[in-house]
Each structure stands twice: as structure tokens, then as C-alpha cells.
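What follows draws every value from the coordinates through simple rules; no lab data is involved. This structure is a prediction, so every number in the text was calculated from the model and none was measured. Glycine gets a Cβ as well: all are built from the backbone with ideal geometry, and neighbour counts include every protein chain shown.
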Amino acid sequence: FSIPEIVHIHTARPFGGWVRWHLNRARRLIAVSEYAKKILTECGIEPGRICVIQNGLESLPFEKARPLPLRETLGLDPDTLLAGVVGQLTPGKVIETFLEAAALLREQGHVSIRFLIAGEAPPAEAGAVAYKRRLEERVKELRLEETVHFTGFVEDVPSLMKALDILVLSSELPEGSS
């Protein structure tokens with residue numbers, strides 16, 4: 001068949017099996033970043049077949065967003081500094097690093113900062129669900145129960161981000177749009 005096909009892959013991992021088969025059949029590929037193009041070429045895709053089109057981000061929702069009342073909701077002082085991670089709770093996000101930094105800051109006497117982890121583990125990924133449980137256990141091990149807050153899924157991400165003083169990205173691998 002000569003039916004055009006579109007394959008969307010949302011990962012930075014090397015490809016194998018049926019994914020590689022589809023990628024090799026495609027006349028052209030679109031990568032959302034130079035990093036994604038690099039991964040594709042490392043998987044044997046000819047660089048000339050890959051076009052980079054950066055992910056777009058609609059800035060208007062972020063410009064118009066009103067900060068969520070996180071401090072009020074959590075019963076915190078209005079001057080409390082908030083640092084947060086926003087995203088799916090998966091091992092590649094390395095949120096343990098965020099927790100280690102929180103513990104270090106507390107040990108250094110920075111007691112007026114609170115840490116938010118906003119997001120959920122994808123339900124289809126059993127490893128991600130176990131990862132969330134490990135994060136919750138790590139919070140207890142580090143004695144950060146009063147300092148770290150898990151918000152769960154947040155629909156209005158622009159308003160959440162606007163409420164944070166510090167947004168943290170602790171991923172060990174470059175994100176797909178980097």
C-alpha cells in the first residue's frame with residue numbers, strides 16, 4: 001500500500017521494533033527539536049529525511065493566568081516561597097533530585113520555603129505508579145511531610161505555574177521539546 005501515515009512518538013528513548021519499522025518506511029520525519037533529530041539519526045534515520053519544527057507554545061494562557069491561591073489552600077503565610085515541579089510523575093523526571101534539594105535547603109535553615117509536586121503517574125504505566133509511591137516514601141524518609149505537598153493533577157497549569165516562585169525541571173534526559 002502507498003497510504004500516507006503519521007506516527008507520533010512522545011519519547012526521547014531509542015526506538016526499536018515496530019516503531020523503527022514505521023520510521024524507516026516514512027519518506028520524511030518531523031522532529032520537535034534538534035535533540036529529537038539526534039535521537040532519530042542515532043537510530044539510523046538518514047538526517048536529510050528529518051525536518052526540525054520546534055514545538056509551539058501558546059503564551060497567551062500564561063500571560064492571562066491568575067495565580068492559583070496555593071498559599072491559602074495549603075494554609076501557608078502569604079510570604080512563603082514556593083518551588084515546584086509540574087508534570088507526569090515518571091522516573092525520567094528524577095523528582096528525587098528535587099526532594100534531595102528540598103532536604104538540603106531545610107538542613108541549611110531555609111524553613112520558609114515549601115515544595116510542590118504537581119502531577120500524577122500515568123495510569124497505564126505500572127512503573128510510574130510505583131514511582132509515585134517511592135516519592136511519597138522518600139518524603140517520609142527525608143522528614144519533609146510538612147514541607148512537600150503533592151497536588152495531584154492540576155487542570156490549570158498556567159495559573160499553577162504563575163503561583164510558583166521557582167519552577168524546577170529535574171529531568172535527567174532532555175525533554176522532547178528541548
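Observations, loosely collected:
- When only Cα pairs below 8 angstrom with a gap of at least 6 residues are kept, the chain shows a relative contact order of 29 percent.
- At 0.890 mPa s and 25 °C, Stokes D of the range 76-178 from Kirkwood alpha-carbon radius, µm² per second: 174
- Amide hydrogen neighbours beyond the local backbone of Val94, cut-off 5 Å, H modeled: Glu172
- Shape analysis of the chain based on the Cα gyration tensor places the equivalent ellipsoid semi-axes at 37, 19, 14 Å, largest first.
- Charge dipole of the chain about the Cα centre (unit charges at C-beta), most positive-ward option of Pro61, Leu142, Leu99: Pro61
- Among the listed pairs Lys64/Lys140; Lys38/Lys93; Lys37/Lys132, a Cα-Cα separation exceeding 26 Å is found for Lys64/Lys140; Lys37/Lys132.
- Close amide H partners of Ala31, meaning residues 5 or more places away or on another chain with modelled amide H under 5 Å apart, are Cys51, Val52, Ile53.
- About the centre of its Cα atoms, the chain shows a dipole size close to 760 debye [charges on the beta carbon of Lys, Arg (+1) and Asp, Glu (-1) only; nearest 20 debye].
- The eigenvalues of the Cα gyration tensor, multiplied by 5 and square-rooted, give the range 34-81 an equivalent ellipsoid with semi-axes of 44, 15, 6 Å from largest to smallest.
- The range 42-130: proportion of alpha-carbon pairs further apart than 16 angstrom, %: 72
- From largest to smallest, the equivalent ellipsoid semi-axes obtained for the range 123-173 from the alpha-carbon gyration tensor read 21, 17, 12 Å.
- Within-15-Å neighbourhood charge of Glu137 [Cβ basis; K, R +1; D, E -1]: +1
- Amide H within-cut-off set for Glu120, under 5 Å, with H built and near neighbours excluded: Leu89
- A simple spin-label model places pseudo-atoms 7 Å from Cα toward Cβ; at Lys38 and Asn24 they are separated by 2.5 nm.
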